[in-house]
Amino acid sequence: MESYALLLGSTLSAGTVLAIAALGLLINEKAGIVNLGAEGMMLCAAIAAFATVVHTGSFALGLLAGMAAGALLAALFGWLVIWLGTNQYATGLALSLFGVGFSAFVGIGYVQARLPDTPKFAWPVLGELPVLGQALFRLHPLVYLTMVLALFMVWFLFRTRAGLVLRSVGESPQSAHALGYPVRRIRLAAVMAGGALCGLAGAYVSTVYTPLWVEGMVAGRGWIALALTTFATWRPARVLLGAYLFGGVTMLQFHLQASGVHVASQLLSMLPYLATIVVLVLISRNPTWIRANMPASLGKAFHPGS
């Protein structure tokens, strides 16, 4: 019983990284922008957050630094794509490659650095429950805030005028422009908000989830988060559930090893990425379903004069 409760708790922690990043990418795609640079943004945010905590001792400042780094890189991406009209896919890939190399270079001096002890958190009363209290109610506050964020995004996108405008920019930018909405500025704001969330996810990885710096420590989570948006058919609540599903697959490998299951470690390490491929293949078998949920102008450039 205790081992399964701990597996559930670790699943929530692992899924939080994916959920935050995927919700950020969801904002981008609702505005009609595909950003393939999530992996690079998360890595740059991870080293920015880690370095900030090392020098200041403040985890809050570290998370804010990660968000700022993600938003800054996203702003650069947005300027290139939205104003200069560069190809979204090529620019995103370039940003991802840049982030991998830049973070590795900047992080050389932080490989052996150590962070102060992470502040402990526990819900009053609930945190004292046997088994479940330790597993579910003593997690980092970001785990619970991510759940709130997903619910907020459901309300924002589908219950507010601002959310309707954002979705209209993604569905039909020409119509939104004809109605007087500043499509480019709205898209840039969405891209920067998404970048800030990707940055927060990267900061969470290096300062909370695994509080150390290792080159490439995001380990493909940016790509999994990108796949999650399609898996969830661009719905925030489904993104959250999908993130926990993939987080569970990630943690299952450690649970199986601890249980004495004799499976090659390399095969277990493949599980999260194999699950991503399988899910995308299954979803792609129904293109009509994808088209019915995907923003109509996703990945397409907008020219005000067109």
Is there a residue being buried (at least 16 other Cβ atoms within 10 Å of the Cβ), more than 18 Å from ILE47 (Cβ to Cβ) and in contact with a Leu (Cβ under 8 Å, 6 or more places away or on another chain) anywhere in the stretch 95-102? no
The residue that is modelled with the highest pLDDT, considering only those in the stretch 254-287 that are open to solvent by less than 80 Å² (accessible area, probe 1.4 Å) and of a type in the set (Val, Ile, Thr), is VAL278
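Going by the conditions given, is ALA275 closer than 27 Å to ALA48 by Cβ, out of contact with any Asp or Glu (no Cβ under 7 Å at 6 or more places or on another chain) and either not β-branched (Val, Ile, Thr) or not in a helix (DSSP H, G or I) (or both)?
Against the criterion (closer than 27 Å to ALA48 by Cβ, out of contact with any Asp or Glu (no Cβ under 7 Å at 6 or more places or on another chain) and either not β-branched (Val, Ile, Thr) or not in a helix (DSSP H, G or I) (or both)), ALA275 does not qualify.
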Checked VAL249, VAL239 against criteria (touching a helix residue (DSSP H, G or I) at 6+ places or on another chain (Cβ under 6 Å), open to solvent by 30 Å² or more (accessible area, probe 1.4 Å) and at pLDDT 75 or above); the one match is VAL249
Any residue at all in the stretch 192-199 that's part of a helix (DSSP H, G or I) and closer than 25 Å to ALA5 by Cβ? no
Going through the stretch 31-53 in order, the residues found to be within 26 Å of PHE158 (Cα to Cα) and surrounded by fewer than 24 Cβ atoms within 10 Å (Cβ to Cβ) are VAL34, LEU36
Within the stretch 221-267, how many residues turn out to be among the β-branched types (Val, Ile, Thr) and in a helix (DSSP H, G or I)? 6
Working carefully through the options TYR244, TYR209, find the one that is under 13 Å from the mean Cα position of the chain (by Cα) and open to solvent by 20 Å² or more (accessible area, probe 1.4 Å). TYR244
Here the qualifying pairs (Cβ atoms under 9 Å; residues six or more apart or on different chains; first in the stretch 170-185 and without any contact (Cβ under 8 Å) to a residue 60 or more places away in the chain and assigned to a helix (DSSP H, G or I); second among the polar types (S, T, N, Q) and crowded, with 16+ Cβ neighbours inside 10 Å) come out as SER175/SER168; ALA176/SER168
Candidates LEU63, LEU7, LEU43, filtered to the one that is closer than 24 Å to PHE246 by Cα and out of contact with any Leu (no Cβ under 8 Å at 6 or more places or on another chain): LEU43
The residue from TYR244, TYR209, TYR204 that alone is over 27 Å from PHE98 (Cβ atoms) and either in contact with a helix residue (DSSP H, G or I) (Cβ under 7 Å, 6 or more places away or on another chain) or of a type in the set (Phe, Trp, Tyr) (or both) is TYR244
The residue that is nearest to TYR204 (Cα to Cα), considering only those in the stretch 110-127 that are surrounded by 12 or more Cβ atoms within 10 Å (Cβ to Cβ) and without any contact (Cβ under 8 Å) to a residue 60 or more places away in the chain, is PHE121
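One line per residue, one yes/no per condition, for (1) more than 20 Å from the chain's Cα centre (by Cα); (2) closer than 25 Å to VAL53 by Cα; (3) at pLDDT 95 or above:
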| position | (1), (2), (3) |
| --- | --- |
| ALA71 | no, yes, yes |
| LEU80 | yes, no, yes |
| LEU84 | yes, no, no |
| THR91 | no, no, yes |
| SER96 | no, yes, yes |
| GLN112 | yes, yes, no |
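Mind telling me which of the residues THR56, THR91 ends up being hydroxyl-bearing (Ser, Thr, Tyr), open to solvent by 50 Å² or more (accessible area, probe 1.4 Å) and at negative phi?
Answer to the check: THR56.
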Considering each residue of the stretch 131-169, count those that are open to solvent by 60 Å² or more (accessible area, probe 1.4 Å), touching a residue at least 24 places away in the same chain (Cβ under 8 Å) and within 17 Å of TRP234 (Cβ to Cβ), and give that number. 2
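The values are calculated or read from the model by the stated rules, or taken from the named source; none is laboratory data. Fair warning: this is a prediction, and the values are worked out from it, not measured in the lab. Note that we place each Cβ from the backbone using ideal geometry, even for glycine, and neighbour counts take in every protein chain shown. Areas reflect the complete protein model, heavy atoms only, side chains present, ligands, DNA and RNA absent. Shrake-Rupley method; radii C 1.70, N 1.55, O 1.52, S 1.80 Å.
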